[in-house]
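Below is one structure, written out as structure tokens; the observations come after it.
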Amino acid sequence: LIERAALLRHFLDHCTRHGILTGEDLHLLVQFELDESQNAHLSNATRQRMKRLLGKLRRVAQQPLPDSRQLRLF
């Protein structure tokens with residue numbers, strides 16, 4: 001579990017450094033996870049934004065890394 005969390009953090013940091021995620025995107029992801037019980041109250045626009053953001057992250061995670069490891073986070 002700790003290794004998976006560290007790998008996820010590394011992946012999200014990489015995405016932020018390379019412009020794949022903005023700071024606002026990262027904040028939205030964290031808030032979405034922390035406010036799990038309140039997600040039913042999200043607006044349709046926010047849900048659609050999350051859907052697009054997660055799709056983008058899935059595509060990035062499936063690309064081969066320089067050291068040939070694959071990220072299977074989503």
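The values are calculated or read from the model by the stated rules, or taken from the named source; none is laboratory data. In this text the structure is predicted, and so the values were computed from the model without any measurement. Neighbour counts are summed over all protein chains in view; Cβ atoms, including those assigned to glycine, are modelled from backbone coordinates with ideal geometry. Only protein heavy atoms, including side chains, enter the accessible area calculation; ligands, DNA and RNA are left aside. Shrake-Rupley method; radii C 1.70, N 1.55, O 1.52, S 1.80 Å.
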### Residues satisfying the stated conditions in region 54-65, i.e. open to solvent by 100 Å² or more (accessible area, probe 1.4 Å) and assigned to a helix (DSSP H, G or I)
58, 59
### Task
Could you run through region 1-53 and say how many residues are surrounded by 11 or more Cβ atoms within 10 Å (Cβ to Cβ), at pLDDT 90 or above and not in a helix (DSSP H, G or I)?
3
